[in-house]
1. Let me cross-check TRP77: its accessible surface, 1.4 Å probe, with only protein heavy atoms counted, in Å² to the nearest 10?
2. Using Cα centres only, tell me the gap between the stretch 114-174 and the stretch 2-47 in whole Å.
3. For the stretch 1-136, calculate the relative contact order in percent as a whole number, restricting contacts to Cα pairs under 8 Å that are 6 or more residues apart.
4. Could you give the distance between the Cα centres of the stretch 269-312 and the stretch 193-209, to the whole Å?
5. Among [x] 144; [y] 168; [z] 210, find the value of volume of the Cα convex hull per residue in Å³ that was calculated from the structure presented, and write down its label.
6. Could you work out what % of the accessible surface of the chain is carbon and sulfur, using a 1.4 angstrom probe and leaving DNA, RNA and ligands out of the count?
7. Would you please calculate the Kirkwood hydrodynamic radius of the stretch 109-173 over all C-alpha pairs and express it in Å, rounded to one decimal?
8. Restricting to DSSP loop positions (anything but H, G, I, E, B) with no more than 14 other Cβ atoms inside 10 Å of their own Cβ, which chymotrypsin sites (Phe, Trp or Tyr not before Pro) remain in the stretch 187-224?
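The values are calculated or read from the model by the stated rules, or taken from the named source; none is laboratory data. These numbers were taken from a predicted model, which means no experiment stands behind them. Ideal geometry is used to build each Cβ from the backbone, glycine not excepted, and the neighbour counts take in all protein chains shown. The accessibility values were calculated without ligands, DNA or RNA, using every heavy atom of the protein model including side chains. Shrake-Rupley method; radii C 1.70, N 1.55, O 1.52, S 1.80 Å.
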Amino acid sequence: MERPYRVRRSCLAVPASSERFITKARGLGVDELFLDLEDAVAPAAKTQARANAAAAVAGDWGGRTVAVRVNDATTGWAHRDVIDVVSAGGARGGAGAGVGGADVIVLPKVTSPGHVVWLDLLLGQAEQEAGLPIGQTGIEAQIEDARGLAAVNAIAAASPRLEALVFGPADFMASVGIRSLDVGGQPAGYAGGDVYHYALMRILIAARAQGLQAIDGPYLKVRDTDGFRRAAVSAAALGYDGKWVLHPSQVEAANEVFAPSPEDFEHASRIIEAYDHATTVDQRGAVMLGDEMIDEASRKMAQAIVARGRAAGLPA
């Protein structure tokens, strides 16, 4: 199944153990929200949180991407998390909305391609059992430690269901021994620029090599909107497609920072129009747009920009 392009400028974390937070999330203007069954949920609350998530994904979310972050593949909760939230019944309205359960499963603490392969196989079984199209459910893989980063190229190529790689800074900091508790910030005494640059760039290259999106992880100081914006601007400049948000105060900045400029949006729209005319009317695979040669690769890049621009409400 060909994977749809899903806009992910802002990806909101919602603890699935809180029905109040789930209800509140329905009114927020995020591109993607994920119901969290992992770190945001205490062990004693896992079963109820799973039931809450399964009920929520079956509802109408207005065409937004609805994901569930399950527990990691090494836990005793993971397989039931996947089965329940994928097979949840009901159709959601809106463009690109799926039928059934979650649009995407976010798999945390991925340290090898085997974790992704396991999830791919389990998703196929869950979809088949629920009568859903095989391949409907996408995967986002979180890279959160040294082992995951070392294997990121193989992880990115592990399944055709993969849609994005996500950087997890908190666990990564602990894994490599960064001397700071300021997740998303820079450690005192580090003189090399951005302490996360190597990890972010390596994840980005692995993602782009397989045609995937790259999503930056959270900025934990939710009241520090200026700090969040700085981190988001840096990730966007590097080439990232979006960022996790933990609080409604971060949503507007994420949507703004990761949206294209009106000029880029207009140029991307012209590329798509010119390329479609060249391939369907002129029967050519490459064409000149002004003094620029455009081809299929140009069209793919332009499509991503146009999708983000439309999500931002830019005029056609």
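1. 90
2. Cα centroid to Cα centroid, the span is 17 Å.
3. Computed over the stretch 1-136, the figure is 21 percent.
4. 27
5. [x]
6. Summing carbon and sulfur atoms, their accessible area is 54 percent of the total for the chain.
7. Mean inverse Cα-Cα distance, inverted, gives 12.2 Å.
8. Taking the stretch 187-224 and a limit of 14 other Cβ atoms within 10 Å, the loop chymotrypsin sites (Phe, Trp or Tyr not before Pro) found are TYR190.
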